[in-house]
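Student: One structure follows; several queries about it will come next.
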Amino acid sequence: MFQIKSKALQTTLACALAFAACAAHAADKQLKSIGVTVGSLGNPYFVTVVKGAEAQAKALNPNAKVVAVSADYDLNKQFTQIDNFISAHVDMILLNAADPKAIAPAVKKAQAAGIPVIAVDVAAAGADATVQTNNVKAGQISCEFLAKKIGGKGNVIIENGPQVSAVVDRVNGCKAVLAKNPGIKILSADQDGKGSREGGMAAMQGYLTRFPKLDGLFTINDPQAVGSDLAAKQLNRANIVITSVDGAPDIETALKSNTLVQASASQDPFAMAKEAVTVGYGIMNGKKPANPMILLDPLLVTRDNVSGYKGWGSH
């Protein structure tokens, strides 16, 4: 071991090390643009996803641009959108896949062009990383509440939705919980409520026409829950416990009002998108996450705790 006695030499080495650190930092690619394609920009959830992406992009570079488009759950439309992002030379793509498996060729095409693809909210085959809610757990806690509210017995419907991974996971989580209650009969579990208020309303109108006795309803997201509640009111049906997933602003209002909706497993789309941009930026600069599957825990929002719930608007 030797000691550096020369002050000049110490100074020179310190400057050299500082320069190397600065040079390494400067070598990071600058984030200039992000392409975001989501299920539907008509859903406040995805609007919040875009806001989260914009917030983190601006934090990394105030001049960064975020281009967000709505795939409307149309796979072909999403393929075209990703092609457009590739042509525009975006730095990364945040992808809410219309079809988790069939989207794979588009993902590979983007990656071949040097563009990292981060799946958001739902999985996408081949994506560099995925940031989503633990959707199995979301379905579980929502349906545990439902089963308890109806005393572990009665007629229940699972109002399904677009078959993206998040929806499949929520339904599987719910089914696992309800299966532990032999007194609960599932009348229907395969109807697609389209992920929308209108779809939920149409589905619920059909259920209430077919089934004279319904005790509980689990919907795969809040828009469907709100639509289902409206249908029940129109048909003068009461004493039905409705639970869902999202923790959206509309559900906060519903929980504080005289509706059939009693609980929702909340997500944080803003934080989810921020994390996706952070992970994508790391991948752009050669830093892959230790675990490419990043799950955020849901929280159950009910009539009892909604007043203290910090929802999407808290950002």
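Student: Please compute the length gained on full extension between LYS310 and ASN258, using 0.36 nm multiplied by the number of residues separating them and subtracting their Cα-Cα distance. Write down the numbers at each step before the final one.
Tutor: Values: separation 52, 0.36 × 52 = 18.72 nm, distance 2.09 nm.
Contour length minus the Cα-Cα distance gives 16.6 nm.
Student: First select every other residue whose beta carbon is under 12 angstrom from the beta carbon of LEU41; then total the charges, Lys and Arg +1, Asp and Glu -1. If you can, show how the numbers build up before the last one.
Tutor: Numbers: positive: LYS51; negative: ASP72.
Net of charged neighbours comes to 0.
Student: With Cβ to Cβ distances under 11 Å as the rule, what net charge do the other residues near ASP297 carry (K, R +1; D, E -1)?
Tutor: After counting each charged neighbour, the total is 0.
Student: For GLU198 and ASN61, FRET efficiency with R0 = 41 Å and r from the beta-carbon atoms, rounded to 0.05? Mind dumping the intermediate values first?
Tutor: On the way: r = 39 Å, r/R0 = 0.94.
Between ASN61 and GLU198 the formula returns 0.60.
Student: Keeping all protein chains in place, calculate the accessible area per residue for the chain (probe 1.4 angstrom), answer in Å². Don't jump to the answer; show the numbers that get you there.
Tutor: Values: 14770 Å² over 315 residues.
Per-residue accessible area for the chain comes out at 47 Å².
Student: Above 24 angstrom, tally the Cα pairs of the chain and express them as a % of all pairs, no decimals. Write out the running numbers ahead of the final one.
Tutor: Numbers: 27516 of 49455 pairs.
Everything past 24 Å amounts to 56 percent.
Student: Another question, then. Taking just the C-alpha trace of region 103-191, give me its Rg and Dmax in Å.
Tutor: Using the Cα atoms of region 103-191, the pair Rg, Dmax is 17.0, 55 Å.
Student: With a 1.4 Å probe and every protein chain kept in, tell me what percent of the accessible surface of the chain is carbon plus sulfur.
Tutor: Values: 8180 of 14770 Å².
Within the chain, the accessible surface is 55 percent carbon and sulfur.
Student: To continue, here is another question. Within 10 Å, Cβ to Cβ, of TRP312, how many net charges do the neighbouring residues add up to if Lys/Arg are +1 and Asp/Glu are -1?
Tutor: Details: positive: LYS51, LYS310; negative: ASP246, GLU252, ASP268.
That sum, taken over residues with Cβ under 10 Å, equals -1.
Student: Within region 151-228, report the trypsin sites (Lys or Arg not before Pro) that DSSP leaves as loop and that have at most 15 other Cβ atoms within 10 Å.
Tutor: Working: sites: LYS153, ARG170, LYS175, LYS180, LYS185, LYS194, ARG197, ARG210, LYS213; in loops: LYS180, LYS194, LYS213.
Passing both the DSSP loop test and the Cβ count: LYS180, LYS213.
The values are calculated or read from the model by the stated rules, or taken from the named source; none is laboratory data. Quantities reported herein were computed from a predicted structural model and do not represent experimental measurements. Note: ideal-geometry Cβ built from the backbone for every residue, glycine included; neighbour counts use all protein chains shown. Only protein heavy atoms, including side chains, enter the accessible area calculation; ligands, DNA and RNA are left aside. Shrake-Rupley method; radii C 1.70, N 1.55, O 1.52, S 1.80 Å.
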